[in-house]
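Enquirer: Please read through the structure below; I'll follow up with questions.
The values are calculated or read from the model by the stated rules, or taken from the named source; none is laboratory data. In this text, all values refer to a predicted model and were calculated from it rather than measured experimentally. Every residue, glycine among them, receives a Cβ derived from its backbone with ideal geometry; neighbour counts consider all protein chains shown. SASA here: full protein model, heavy atoms, side chains in, ligands and nucleic acids out. Shrake-Rupley method; radii C 1.70, N 1.55, O 1.52, S 1.80 Å.
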Amino acid sequence: MSIVDVAQAPAQHPISEPAPWWRQAAVYQIYPRSFSDANGDGLGDLPGITSKADYLHDLGIDAVWLSPFYPSALADGGYDVADYRNVDPRLGTLTDFDAMLDALHTRGIRVVVDIVPNHTSDQHAWFQEALASGRGSSARERYIFREGSGPDGALPPTDWVAAFGGSSWERVADGQWYLHNFAIEQPDLNWSNPEVRADFLTTLRFWSDRGVDGFRIDVAHMLTKDLTEPLPSQAQLDALPRDGMHPMVDRDDVHEVYAEWRQVFNSYDPPRTAVAEAWVDKARVPLYASPDGLGQAFNFDLLEADFDAGQFETVVRDNLTLAETSGSSSTWVLSNHDVVRHATRYGLPQPARDDSGRPARKHGADWVISGGVTPVLDRPAGERRARAATLFMLGLPGSSYLYQGEELGLHEVAEIPAGDRQDPTFFRSAGTDLGRDGCRVPLPWETGNDGGSAFGFGTGGSHLPQPAWFGDYSVAAQSTDPLSSLELYRSALSLRRTLQTGEHLEWIPTGRSDVLRYRRPNGWEIVTNFGTEPYPVDRDDVALASRALEAGSLPGEATVWFGSHGTD
Ligand code: NOJ
């Protein structure tokens, strides 16, 4: 066996000092409204999270990332923030936040909160003031207001299309229009306005002072804009290169914002961390992940890849190289609150791809539209592949971001009646995309749903309907089963701590195009068989496997870890 390749990310910290926690963390994303409901109003809350602190500790994660828990009219699942420095009263109070933070910190779990700087809610005091103050006011200058086009300005200023469908402009009572790149209820902020910039510094300090460890930055690539008249058409916007000078996305000048934020982060001990949600060309990701900027950036490539050895290898190679360029560590994601859960994706046929190699259409969207009928979901295959992909990911150098419920091998919920749907995508896409509610259905904690217990989510039902099969995937059902997905995650996350090692990876040839094998510096080895034929392995120090080895062979669609504790 020869080692053909070494990918190595440079350590950005002096050898004598321990690596910062975030470089190789397992971060668990909580969507607070769907995690655990302590007060029985059908909506998850912060005391609910506190009540599950032991569960989170036993799961073995290093940090939680909380999707927005701020006051919100829920036009976009909380990503429409009405007050950045408070807690939605339906989710608790600031005192509840402090209690939750303390419960998690006491158990060695760090806390990352979501910051949504591209847009506020239309319920935010600033936007309400802008509406009341009229054209030309300083209140309107915090947002992006323009006169309309056409006779009497009755048409939107441009033909721009919002991310959730429909026009990016909405008209207000006095005839002006405001820009919203997402839902109508999410007016874009004007990042040329110093008051906007100063206010977000206050927000970052507010949460840092309370003790949060880091921030996840929503739509980090869209804050700054060049809206010099005449404004381009949508076709012109689409045709412009994304080279840092695009009027709308990934502008070089956004990094001036993050350089300021970095000063705030570094004024704390330990420095606060940040991770960018930045949908930008690969080559530009390191700008966001730079230690002078946000410090880390999401990489969604695994989430868009098929369960395919070639695709996985390319993703890992590319992203370790990018991490090396930025000096950050790589991130890995298989599921989050915006996509069809990976156990389901992997049980559906592979998606068609566009010229750039990305899925031409959101993977699983058609299955959701069919109510989960077509194409036929192969649940066992999806779960088998999900387990294998997860163990592949958790062995990689860098940070793995896990989404609540994936530890249960949970599937997407397709059977949500139209009247229960909440996602703005559903309301704005004319039936072409039912949206993201199916991965946001409240978690099943208990096997039964008697008396409105919502499978242990809370005594007041659940704000999105849970299907009958949820009980089989519940925490209670799995906690007693050593072969369950939950126990696999627990074992993997626990072992990952003891096996974790330098941020290096060596690819080891396997002689098969459907099998990947890599080795970490301490001898920890990860082998994934993406095919269906068993793969003979030459080590017997199995630390963990997603399927039991048979006669010295790794079965199909499975991952094995070899290694012993503390072999660094
Ligand atoms: C990205 C978030 O992940 C998504 O849930 C949200 O809808 C958009 N940003 C807009 O804030």
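Enquirer: Just to check your reading of the model, which residue among LEU483, LEU505 is of a type outside the set (D, E, K, R) and open to solvent by less than 30 Å² (accessible area, probe 1.4 Å)?
Expert: The unique qualifying residue is LEU505.
Enquirer: Would you confirm, using the coordinates I've provided, whether PHE206 is within 16 Å of the ligand (Cβ to nearest atom) and surrounded by 14 or more Cβ atoms within 10 Å (Cβ to Cβ)?
Expert: no
Okay, residues lined up against (1) buried (at least 20 other Cβ atoms within 10 Å of the Cβ); (2) of a type in the set (Phe, Trp, Tyr); (3) touching a strand residue (DSSP E or B) at 6+ places or on another chain (Cβ under 7 Å); (4) closer than 15 Å to HIS504 by Cα:
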residue	(1), (2), (3), (4)
PHE312	yes, yes, yes, no
ARG317	no, no, yes, yes
SER326	yes, no, no, no
SER330	yes, no, no, yes
LEU334	yes, no, no, no
ARG341	yes, no, no, no
ARG345	yes, no, no, no
PRO349	no, no, no, no
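Enquirer: Condition test on LEU554, is it open to solvent by less than 40 Å² (accessible area, probe 1.4 Å) and under 27 Å from the mean Cα position of the chain (by Cα)?
Expert: no
Enquirer: Restricting to region 247-271, what's the tally of residues that are at negative phi and buried (at least 17 other Cβ atoms within 10 Å of the Cβ)?
Expert: Total satisfying the criteria: 12.
Enquirer: Against the definition (within 16 Å of the ligand (Cβ to nearest atom), surrounded by 22 or more Cβ atoms within 10 Å (Cβ to Cβ) and under 30 Å from GLN176 (Cα atoms)), how does SER67 come out, yes or no?
Expert: The answer is no for SER67.
Enquirer: Now for a different question. Tally time: how many residues in region 175-187 are within 11 Å of the ligand (Cβ to nearest atom) and buried (at least 24 other Cβ atoms within 10 Å of the Cβ)?
Expert: Residues in region 175-187 being within 11 Å of the ligand (Cβ to nearest atom) and buried (at least 24 other Cβ atoms within 10 Å of the Cβ): 4 in total.
Enquirer: Quick one: ASN86 ticks every box in (1) touching a Pro at 6+ places or on another chain (Cβ under 6 Å); (2) within 16 Å of the ligand (Cβ to nearest atom) except a single one, so which number is it?
Expert: (2)
Enquirer: Could you check how many residues of region 407-422 are in contact (Cβ under 8 Å) with a residue 60 or more places away in the chain and open to solvent by 10 Å² or more (accessible area, probe 1.4 Å)?
Expert: 2
Enquirer: Looking at (1) touching a Pro at 6+ places or on another chain (Cβ under 9 Å); (2) surrounded by fewer than 21 Cβ atoms within 10 Å (Cβ to Cβ); (3) at pLDDT below 95, can you tell me which one ALA9 breaks?
Expert: For ALA9, the failing item is (2).
Enquirer: Taking the stated definitions as given, is SER51 open to solvent by less than 20 Å² (accessible area, probe 1.4 Å) and in the same structural domain as ARG440 (by the TED database)?
Expert: Answer is no for this residue.
Enquirer: Being in contact (Cβ under 8 Å) with a residue 12 or more places away in the chain, within 16 Å of the ligand (Cβ to nearest atom) and not in a loop (DSSP other than H, G, I, E, B) narrows it down to one residue among THR425, THR390; which is it?
Expert: Details: THR390 fails: within 16 Å of the ligand (Cβ to nearest atom).
So the residue among THR425, THR390 that is in contact (Cβ under 8 Å) with a residue 12 or more places away in the chain, within 16 Å of the ligand (Cβ to nearest atom) and not in a loop (DSSP other than H, G, I, E, B) is THR425.
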